[in-house]
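Have a look at the structure below, then the notes.
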Amino acid sequence: VQLQASGGGLVQAGGSLRLSCAASGRTFSIRSMGWFRQAPGKEREFVATINWSASIIDYADSVKGRFTISRDSAKNTVYLQMNSLKPEDTAVYYCAAEGRGTYPARRENEYDYWGQGTQVTVSS
């Protein structure tokens, strides 16, 4: 499975961005996908996850009510709609996929495949 993340950029505080993560290859093996982020000098942290049927969705407390994860199974793509962005949301955002059926998958070691990351910068 290969993952291609896109959609990052520079936005002012209070603004919005939508990240996309397109999966290719053995996509039939994917059970859930997630988003993580890593800010400068910090460890990578969980942001959101969705299983492939979209019946199980989970968010980090820091983004609940502001971010929405969704998926388009026909396009093998997962989205992260980010609203009301704050400077502390500045990070490199990574998408990930897992095939073990761990729901909800909130830990890095539960994921098998990772995208290359896309930079999100929120200015104050």
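Taking segment 78-99 as the range and being assigned to a strand (DSSP E or B) and either more than 18 Å from residue 16 (Cβ to Cβ) or in contact (Cβ under 8 Å) with a residue 60 or more places away in the chain (or both) as the test, the residues that pass are 79, 80, 81, 82, 92, 93, 94, 95, 96, 97, 98.
I want to confirm something. Restricting to segment 108-117 and keeping residues that are in a loop (DSSP other than H, G, I, E, B) and touching an Asp or Glu at 6+ places or on another chain (Cβ under 7 Å), which single residue is least open to solvent (accessible area, probe 1.4 Å)? Break it down stepwise before answering.
At the first step, the residues of segment 108-117 found to be in a loop (DSSP other than H, G, I, E, B) are 111-112, 115-117.
Applying the additional criterion that residues be touching an Asp or Glu at 6+ places or on another chain (Cβ under 7 Å) yields 111-112.
Details: 111: 14, 112: 69 Å².
If we take residues in segment 108-117 being in a loop (DSSP other than H, G, I, E, B) and touching an Asp or Glu at 6+ places or on another chain (Cβ under 7 Å), then 111 is least open to solvent (accessible area, probe 1.4 Å).
Of the residues making up segment 49-66, those that are under 26 Å from residue 13 (Cα atoms) and either open to solvent by 70 Å² or more (accessible area, probe 1.4 Å) or touching a Leu at 6+ places or on another chain (Cβ under 6 Å) (or both) are 57, 61, 64, 65.
Yes or no, residue by residue, for (1) open to solvent by less than 40 Å² (accessible area, probe 1.4 Å); (2) assigned to a strand (DSSP E or B):
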| position | (1), (2) |
| --- | --- |
| 101 | yes, no |
| 106 | no, no |
| 119 | no, yes |
| 122 | yes, yes |
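Checked against the criterion of being not charged (D, E, K, R) and not in a strand (DSSP E or B), segment 43-50 contains not a single residue that satisfies it.
The values are calculated or read from the model by the stated rules, or taken from the named source; none is laboratory data. The shown structure was predicted, so the numbers you read here are calculated from the model rather than taken from an experiment. Virtual Cβ from ideal backbone geometry, glycine too; neighbours counted across all protein chains shown. Remember, those area values only see protein heavy atoms, side chains included, never the ligands or the DNA or RNA. Shrake-Rupley method; radii C 1.70, N 1.55, O 1.52, S 1.80 Å.
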